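What follows draws every value from the coordinates through simple rules; no lab data is involved. Values in this document were obtained by computation on a predicted structure and should not be read as measured data. FYI the Cβ positions are ideal-geometry reconstructions off the backbone, even for glycines, and counts take in every protein chain you see.
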Amino acid sequence: MIIPSKRSIWIQASLALSGLVAAPLTFGTPLFSIVVLAALVAEGAFLGLILLDGVFLPGPKSLVASRSIQGRFQENRTVPIELKFDPIDARGKRRLRYTIYDDTGPYFRVADFPLQCTGRAPYAVSYRATGMRRGIFSFAEVYVTVQSVPGLALRRFRLPCKDDVSVHSELPPVNGEFIAAQKRIHSVSGWQRRAAPGGEREFYRMRDYQPGDEPRRIDWKASARSGKLITREYEKEQKQTLFLVVDMSRWMALRSGQRSLLDEALSAALMLAGVASSRGDSVGLLAYGSEPHLFYPPARRETAALSAAVCALMPEDRSLHLDGLASFLGGALRNETILVLFTSVPHEDGIEDWVRFSKKLSGSHRPLLVLLENDETMEILKESPLEEVRRLSRRNNLFPLPDIPDLTADRVGAQQLATFHYLKEKERRLRFIAGPRAGIVTATRKGLNLSVLSEYLKIRFASTF
């Protein structure tokens with residue numbers, strides 16, 4: 001589409017204004033007809049110049065656009081993107097001024113638009129985009145406005161440039177010092193160790209020198225203090241299997257801040273997968289709702305492969321089928337697997353199902369149930385009237401509150417009582433669900449990653465298998 005530029009509109013307005021001013025001054029004189037004719041000729045000639053300028057501007061058949069994404073998108077991570085334009089015909093090779101928008105869609109934040117440049121094709125422009133939501137999205141078209149150097153006309157058109165873009169789950173950073181500290185804590189807590197002497201990496205203990213020990217293992221400082229040779233012994237850590245299960249049911253669609261519970265669960269699961277892979281463990285993944293959506297059997301694999309696989313996962317509109325999940329896990333896993341299940345807080349009607357599920361898995365595996373709660377839970381209890389607490393509790397699948405007298409005269413007392421009963425009911429449920437061998441973690445978005453990592457490392461470094 002060819003349209004006049006702002007410069008052309010101002011010039012046209014000036015010509016028209018000049019004619020309007022001159023015409024009354026010359027009305028009734030021989031110059032009147034000359035002034036009117038001159039104004040019309042000037043307007044017509046200028047419109048012709050605008051049209052001529054626009055005709056020689058490149059259009060959608062004169063350029064081809066390509067997009068280069070220089071990195072991998074993660075939630076809230078900024079990635080540079082380059083748009084390159086190549087000429088197809090002679091009009092695309094002219095030196096022109098370009099204004100460019102890229103159709104990134106609503107789930108990307110871009111602060112650099114519009115992109116402006118002056119040059120001759122081929123040329124390239126760059127901008128930075130931030131993915132705001134996990135998923136697979138399409139960048140469809142590039143919107144181009146081109147203007148010649150005189151700047152009399154503009155031409156606007158769209159260039160096809162479709163790319164499918166995956167935004168991976170946000171991966172929280174893992175502190176190596178925290179992992180080492182957890183290992184020291186759980187290694188001396190009285191639990192049975194899985195490690196055995198004879199390795200190379202991790203220090204195990206000091207002991208007296210024995211014939212056949214390598215000289216490089218002798219700790220000369222300790223030997224000098226004790227007056228006899230002391231050998232440093234290192235442990236040979238047994239490799240383990242971590243299997244991650246992510247609930248895909250409708251309750252996982254509840255939002256925790258800007259993200260859903262499913263997004264939080266996937267981020268925490270990928271974090272654990274990275275920690276396990278770094279220690280040489282096998283990692284598997286299952287996304288399950290009323291049926292399996294994604295299954296990776298336990299194996300040595302990179303976290304990036306799992307991250308790419310879960311990009312398109314979205315919650316179902318059904319509840320979690322626990323019996324089907326238990327049967328699937330029974331056929332897919334061997335014994336002595338660390339099984340971490342990310343799900344939402346169980347509903348009152350399903351407590352007995354969860355108890356059976358936990359008992360069934362505890363016989364052969366070491367299950368860890370991670371129950372996610374909405375960040376607003378405690379804020380609701382602290383600030384809302386009692387009836388509002390009950391209503392939001394039912395809507396958000398929180399622990400239901402028992403009948404509490406409505407202390408309208410003492411609102412603060414009623415809220416404190418509601419909070420007390422909520423926490424008491426929560427503790428009762430968790431005690432029933434967990435059983436003697438299953439670990440359990442309840443956390444909101446703010447404390448999820450640290451709580452899950454700490455509990456997993458407790459099982460990993462001080463297992464009772």
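Taken along its three principal axes, the alpha carbon spread of segment 2-55 comes to 40, 16, 9 Å, from the longest extent down to the shortest.
Label positions at residue 78 and residue 362, each projected 7 Å from the Cα along the C-beta direction, are separated by 5.0 nm.
One quarter of the convex hull surface built on the alpha carbon atoms of segment 63-168 amounts to 6.2 nm², the projected area averaged over directions.
Using the structure shown, list the pairs from 359/446; 239/458; 61/84; 61/93 with a Cα-Cα distance above 21 Å, or answer none.
On the way: 359/446 30 Å; 239/458 15 Å; 61/84 15 Å; 61/93 12 Å.
Among 359/446; 239/458; 61/84; 61/93, the Cα-Cα distance tops 21 Å for 359/446.
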